[in-house]
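Taken together, the values in this text are just the output of simple stated rules run on the coordinates, not laboratory data. Note that the coordinates shown come from a computational prediction; the quantities given were computed from them, not determined experimentally. Here the Cβ is made from the backbone with ideal geometry for all residues, glycine too, and neighbour counts use every protein chain on show.
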Amino acid sequence: MPIMIGSAVQNLITLTDTIFLGRVGEIELGAIGLVGVFYLMIASIGYSFSKAGQIMIARRMGAQELDKIAPIYYSMLSFALSLALLLFLFMQFGGDYFFALFVNNQEIYTACIAYLDYRSAGIFFSYAGVIIVALYTGVGRTQVIIYNAIVLGLTNMVLNYGLIFGKWGFPEMGIAGAGLASTIAEGFAFIIFIVYIFLDKKNRAYGLFGHKALIEYTRSTSDDDTVHLPPPPPKINLEIIKAQLKLSMPIVLQSVVGMGSWFIFFIIIEDMGQTELAISNIMRAVYLLFMIPCWGFASSINTLVSNLIGQNKSEEVFQVTTKTAILSFAVTMICTATMLIAPEIVLRIGTDDLELIQKSIRLTGIVTATLALFSIGAIYFNGLVGTGATKQALWLQIGCVIFYLTYIYVVVHLFKCSLETAWMAEFYYWIISLTTSVWYLRSKHWQNIKV
């Protein structure tokens with residue numbers, strides 16, 4: 001559960017923003033669909049980079065090389081914050097030009113920029129936060145992640161209500177208020193993380209507070225008073241950063257390609273009309289909600305697979321991945337069943353507009369079938385990533401995305417098909433992803449990859 005929640009923090013923030021903005025108007029609902037996916041794409045870059053560190057930390061834990069964890073963590077953190085600065089500058093000074101290239105509706109464009117102006121500063125807290133999540137996930141101590149996510153979620157909900165609608169003495173800011181609320185919530189959650197790290201004595205086992213603290217901790221937990229550990233490499237190590245980049249770049253590109261294709265999907269849907277965009281954003285909110293269990297299992301399998309390989313148990317990788325996929329499918333389908341039983345209630349997540357809800361119901365069957373495939377396919381794909389075969393996973397995803405974008409363009413622009421037909425792109429995408437991931441994982445070509 002902690003990993004499940006922690007891995008979906010950005011999805012939860014976007015979902016919360018969507019829920020509140022769905023009560024403001026169709027323009028705001030359509031805008032958050034576009035700018036929300038755009039910000040998820042930016043946030044996924046940092047999250048994907050942290051996955052490399054998580055895999056490396058889990059591998060060191062499996063090999064019981066605890067003194068090597070701190071250099072991995074600090075190197076990962078320093079690079080992530082540098083990257084956050086570059087992306088913040090891009091969003092602040094290039095965001096309006098970027099959206100002008102794609103968004104045709106002037107009202108939706110203005111709303112997107114209003115949100116982004118306040119949301120962009122959150123990238124620093126987001127990137128630093130996912131690095132901390134990677135540390136605790138990699139070492140298998142995840143309880144703090146769920147506490148932090150609860151604090152973030154509650155803070156975001158309270159501030160969203162106050163800043164969007166002008167309650168409790170806050171100014172009425174509309175969609176801009178959603179951006180500001182999310183940024184403040186992330187900042188507050190980050191402070192909680194920092195306090196916990198300093199209070200958590202077990203972090204001394206990883207060398208986070210220096211070599212002397214590591215030796216003292218090791219002596220306190222050992223009967224041997226003569227414990228002497230080799231001096232660790234510098235906390236910020238360029239060689240480690242290079243290794244992380246080598247491992248993470250394919251994962252980062254996977255996220256950019258994957259989230260970028262989703263952004264393009266919504267851009268194409270906007271060409272179908274404002275109502276179609278609003279309907280798609282309602283379904284996106286539902287889609288994000290029911291994705292949460294699977295994202296948790298997917299993050300877990302990254303760590304499990306890497307840890308097994310670190311223990312020289314590569315023969316168990318496919319079996320463990322399959323068991324995780326079955327569990328992910330079962331949990332996801334139990335949750336998704338509510339959408340088939342009471343679609344009108346579930347779709348109220350995105351809006352109170354009864355007309356939009358009725359028009360959205362026709363997509364529930366497609367989304368349910370897609371979630372079934374996703375709950376299995378994402379596990380096998382992330383199991384493959386956990387082996388360190390990130391380049392191979394990237395090429396598999398690029399192939400899936402090429403088909404995905406070609407399909408959307410053809411059915412919307414050439415054949416003028418319905419919204420249901422356009423959404424089938426997600427279904428076909430996960431069929432291809434599942435098939436190729438299982439094939440490569442079973443091939444065992446990944447067994448000689450070093451991390």
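Key figures
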{"item": "Distance violations [Cα-Cα > 32 Å] among 51/444; 167/416; 51/202; 201/391", "result": "167/416; 201/391"}
{"item": "Percentage relative contact order, the range 152-199, counting C-alpha pairs under 8 Å, at least six apart", "result": "34"}
{"item": "Degrees between helix 106-119 axis and first principal axis of the chain (Cα, 0 to 90, nearest 10)", "result": "20"}
{"item": "Estimated dipole of the chain in Debye, rounded to 20 [Cβ of Lys and Arg +1, of Asp and Glu -1, Cα centre]", "result": "1400"}
{"item": "Gain in span if fully extended, residue 344 to residue 191, counting 0.36 nm per residue against the direct Cα distance", "result": "51.2 nm"}
{"item": "Burial ordering of 88, 124, fewest other beta-carbon atoms within 10 Å first", "result": "88, 124"}
{"item": "Descending principal axes extents, the chain, alpha-carbon based, whole Å", "result": "73, 55, 40"}
{"item": "Ranking of 443, 126, 75 by count of other Cβ atoms within 10 Å, fewest first", "result": "443, 75, 126"}
{"item": "Cα gyration tensor category, rounded, prolate or oblate, for the range 374-434 with a/c compared to 1.5", "result": "oblate"}
{"item": "For the range 324-402, alpha-carbon Rg relative to the globular expectation (2.2 N^0.38 Å, N residues)", "result": "1.40"}
{"item": "Exposure proxy order (Cβ contacts within 10 Å, fewest to most) of 406, 16, 421, 390", "result": "406, 421, 16, 390"}
{"item": "Relative contact order computed over the chain (Cα-Cα under 8 Å; 6+ residues apart), in percent", "result": "23"}
